[in-house]
Amino acid sequence: MKRIFFLFITSFLTFQIFAQHKVDINLKTVNNITPPSYGLFFEDINFSADGGLYAELVKNRSFEFDKPLMGWKELNRNSQNQVLIINRSLEKANNNRYAHIIFSDEGKTFQLINEGFRGMGFHKNETYTFYITAKTNTPEISLRVDLLSTNDQSLGFATLNSIEKDWKEYKITIKANETADKGKLSISFNGQGSLDADMISLFPQNTWKNREKGLRNDLVEVLSQIKPGFLRFPGGCIVEGRDLLNRYQWKNTIGDINNRKVEINRWNTEFSYRSAPDYFQSFGLGFYEYFLLSEDIGATPLPILNCGMACQFNTGEVVAMDELDPYIQDALDLIEFANGDINTNWGKLRATMGHPAPFNLTLLGVGNEQWDAQYIERYAAFEKVLKSKHPEIKLIAASGPSPDGERFEYAWQQLKNTKVDLLDEHYYQNPEWFLKNANRYDNYDRKGPKVFAGEYASHVKDVKAAEGKNSWLSALSEAAFITGLERNGDIVTMASYAPLMAHVNAWQWRPDLIWFDNLKAVKTANYFVQQMYSLNRGNQVVDILTNQKPLIGQDSLYASSTINQTTKKLFVKIVNTKSTAQEVSFKINGAKKLNLLSEQILTSDNLDDFNGIDDPEKIKPLNKLVNKTVKSEFKKTLKPYSFTIYTLDF
Ligand code: AHR
């Protein structure tokens, strides 16, 4: 009986495994289709900038949050030990507050503690630089600066004395003797007197490219490993602001960081269930740094500018049409800042900041996720000026917040006959939608603007763990969908997952491509999908057909195929969304000889699996180096729930 049961099971499995699919790949496809550029969508949401990419560890370093001492704690405060916040807006309009600290040498030492962004991450044996801009009339005082562990133990300290009577920046370095993920900074005030203090900072020395006061090395590393085609910044809804006053204004984010005006982050209050009253923008990561980052990681910079409209999900405030000029001027000035000669006003500022060479701006977004007539009207005004003065810049316009419906149709209908180069489409949808839409672009009108799939992510049902929404199901459905983007690379020329990053203890929106805490980063399964497509992009799409039709879900298979004409490599990308293995017989037409170089497989048995901060490598690509000659027809067995890329030399 046991044996009969066993035979039944094995014959069932055999049947499942050997249901065979014939797939034809034609290397001689004539279509001139380039696969889309896979880029990054960066927005300061989920503490991605302050508390994330920007390596500053002190929260509210210049006391400019709405509550001036938010993030700071006064220890042993009394009438002789305390902080007074002074406002000098006439002298320093953009960073007007500073702390006047009085302290006495009687009783317990007065201390200021900064809690960081949900704590501070310190790595054992790494050195941190403490900065303070200060002045005093009591030069005999001194400061002791400690890095504190999660349990308030000192991990290292340094002393600062000889502070002078005029404002000056001081810095001292401290080495951490242990690792802490939720550390703090403590400043103890010794002696009797007072100190004026501003811009109190703490940065790791180990930053991206070792730039002083720079970006978190590990996080930029993770971004660069995707080899992104472009970097979109600074968002997202943050571009729009809750109201126009709160909109992102790039000119406030450049120049000396001491003078960059702190602004509330629009995600501070957006979701009551994830409220973040301590979410502000210091703009230490501003437009200059975004351009530099793009250059560092080889990505084309893609700034998105406010078009005179605040978020239509919030106030929906719009600027009067006859007051739109300053917004358009901002766009013209940005082009000069990025590309202008060093003798131009804005080009000169770029050079002063350290980059005399242009940043080669070629793409510009006008508005983020706007819709309706008020947008079309404002976009048209931008287009008129920008296309006449800067025909070399490609313009990107919005198509609203969803992939279909009235707003979407209206935007396309209105914009398709303008000079816009790309329309930005957004889709946050469920996995079924992504599978069903693998053919979304097959019949798109080829005569209009191109498509920028500017924000997308597959959203599964709510789960408890923050990172849990980045499930294997979501990533697999995106992998299947992207085969459709590749096949239609002539219309969809750019694509980016959104949002990019999230702090595990401070997120507002999920899923996200990369999770991080104060010490480390987690690459999600969705990240690996993006990375696999980007690193195996090729430069021409070739046909991959079954029964002369593209694979868009027949028997749960999705596929695309590209070649690199220079290196003579073929990339076969195939997704099996079935719970069982499937055998596929590939026939490659048009090659004299074929060498199978490698197989990269991303898979997991359980569609709910995800990479979490405590289990970061549950799903990761398995790279099998093969390097073996194959015939023009060969068979492969695809794993259940898998995304595979075969790389061949031809
Ligand atoms: O990516 C998160 C948000 O989604 C973006 O800010 C916005 O453009 C979209 O609604």
task: Return the residue satisfying two criteria in turn: it lies in the range 475-487 and is farther than 20 Å from Asn32 by Cα and not hydrophobic (A, V, I, L, M, F, W, C), and of such residues it is nearest to the ligand (Cβ to nearest atom).
output: Glu478
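To keep it simple, each residue is scored yes or no on (1) surrounded by fewer than 18 Cβ atoms within 10 Å (Cβ to Cβ); (2) of a type in the set (Val, Ile, Thr); (3) outside any strand (DSSP E or B).
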site: Ile102; (1), (2), (3): yes, yes, no
site: Gly107; (1), (2), (3): yes, no, yes
site: Ile174; (1), (2), (3): no, yes, no
site: Ser188; (1), (2), (3): no, no, no
site: Leu195; (1), (2), (3): no, no, no
Residues being more than 16 Å from the ligand (Cβ to nearest atom), more than 30 Å from Leu545 (Cβ to Cβ), modelled with pLDDT of 95 or more and acidic (Asp, Glu) - total across the range 442-474: 1
- request: Just give me the residues in the range 291-315 being touching a strand residue (DSSP E or B) at 6+ places or on another chain (Cβ under 8 Å) and within 16 Å of the ligand (Cβ to nearest atom), in sequence order.
  value: Leu302, Pro303, Ile304, Leu305, Cys307, Met309, Ala310
Hits in the range 224-247 (condition: part of a loop (DSSP other than H, G, I, E, B), in contact with a helix residue (DSSP H, G or I) (Cβ under 8 Å, 6 or more places away or on another chain) and within 16 Å of the ligand (Cβ to nearest atom)): Pro234, Arg247
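Quick one: how many residues across the range 570-588 are hydrophobic (A, V, I, L, M, F, W, C) and in contact with a Gly (Cβ under 9 Å, 6 or more places away or on another chain)? Lay out the reasoning, then the answer.
First pass over the range 570-588, keeping only residues hydrophobic (A, V, I, L, M, F, W, C): 570-572, 574-575, 581, 584, 586, 588.
The next check asks that each one be in contact with a Gly (Cβ under 9 Å, 6 or more places away or on another chain); those that pass are 570-571.
Residues meeting the conditions: 2.
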task: Within the range 45-67, identify whether any single residue is outside any loop (DSSP other than H, G, I, E, B) and under 21 Å from Leu519 (Cβ atoms), and answer yes or no.
output: yes
Positions within the range 457-477 being of a type in the set (D, E, K, R) and either crowded, with 24+ Cβ neighbours inside 10 Å or in a helix (DSSP H, G or I) (or both), in sequence order: Glu467, Lys469
query: Conditions: (1) without any contact (Cβ under 8 Å) to a residue 40 or more places away in the chain; (2) closer than 16 Å to Gly308 by Cβ; (3) in contact with a helix residue (DSSP H, G or I) (Cβ under 8 Å, 6 or more places away or on another chain). Glu383 meets all but one. Number of the miss?
result: (3)
- request: Just one of (1) touching a helix residue (DSSP H, G or I) at 6+ places or on another chain (Cβ under 7 Å); (2) within 16 Å of the ligand (Cβ to nearest atom) trips up Asp512, so point out which.
  value: (1)
query: Looking at (1) within 16 Å of the ligand (Cβ to nearest atom); (2) crowded, with 17+ Cβ neighbours inside 10 Å, which is the only condition Thr418 fails?
result: (1)
task: Take the range 580-635 and flag every residue that is assigned to a loop (DSSP other than H, G, I, E, B) and of a type in the set (Val, Ile, Thr).
output: Thr580, Ile613, Ile619
field: Verdict on Phe337 being within 28 Å of Arg211 (Cα to Cα) and among the aromatic types (Phe, Trp, Tyr)
entry: yes
field: Conditions (1) more than 17 Å from the chain's Cα centre (by Cα); (2) within 16 Å of the ligand (Cβ to nearest atom); number of the one not met by Pro499
entry: (1)
- line: Only one of Thr179, Thr253, Thr173, Thr207 is within 23 Å of the chain's Cα centre (by Cα) and either within 16 Å of the ligand (Cβ to nearest atom) or in contact (Cβ under 8 Å) with a residue 40 or more places away in the chain (or both), namely Thr207
message: Given the criterion away from the ligand (no atom under 16 Å from the Cβ) and either more than 30 Å from Tyr427 (Cβ to Cβ) or within 26 Å of the chain's Cα centre (by Cα) (or both), identify the matching residue among Ile376, Ile342.
response: Ile342
message: Looking only at the range 114-163, how many residues end up being free of Cβ contacts under 8 Å to residues at least 24 places away in the same chain and β-branched (Val, Ile, Thr)?
response: 1
Criterion: more than 30 Å from Lys620 (Cβ to Cβ), assigned to a helix (DSSP H, G or I) and of a type in the set (S, T, N, Q) - qualifying residue of Asn268, Asn252: Asn252
message: List the residue pairs whose Cβ atoms are under 7 Å apart, where the first residue sits in the range 418-444 and is under 13 Å from Phe481 (Cα atoms) and of a type outside the set (A, V, I, L, M), the second is within 16 Å of the ligand (Cβ to nearest atom) and in a helix (DSSP H, G or I), and the two are 6 or more positions apart or on different chains.
response: Pro431/Ser474; Phe434/Glu478
field: Complete set of residues in the range 272-290 that are crowded, with 24+ Cβ neighbours inside 10 Å, touching a strand residue (DSSP E or B) at 6+ places or on another chain (Cβ under 6 Å) and not hydroxyl-bearing (Ser, Thr, Tyr)
entry: Gln281, Leu285
message: Restricting to the range 33-50, and then to whatever is away from the ligand (no atom under 16 Å from the Cβ) and closer than 30 Å to Gln540 by Cα, can you tell me which residue is surrounded by the fewest Cβ atoms within 10 Å (Cβ to Cβ)?
response: Thr34
- request: Restrict the check to the range 357-368 and report whether at least one residue is within 16 Å of the ligand (Cβ to nearest atom), farther than 27 Å from Tyr38 by Cβ and either charged (D, E, K, R) or in contact (Cβ under 8 Å) with a residue 40 or more places away in the chain (or both).
  value: no
- line: Among (1) assigned to a strand (DSSP E or B); (2) under 27 Å from Ala457 (Cβ atoms); (3) of a type in the set (Asp, Glu), Glu221 falls short only on (1)
query: Can you name the residue in the range 51-68 that is out of contact with any helix residue (DSSP H, G or I) (no Cβ under 6 Å at 6 or more places or on another chain) and under 26 Å from Gln531 (Cβ atoms) and, of all such residues, is nearest to the ligand (Cβ to nearest atom)?
result: Gly52
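The values are calculated or read from the model by the stated rules, or taken from the named source; none is laboratory data. Fair warning: this is a prediction, and the values are worked out from it, not measured in the lab. Counting neighbours? That spans all protein chains shown, and the Cβs are built from the backbone with ideal geometry, glycine included.
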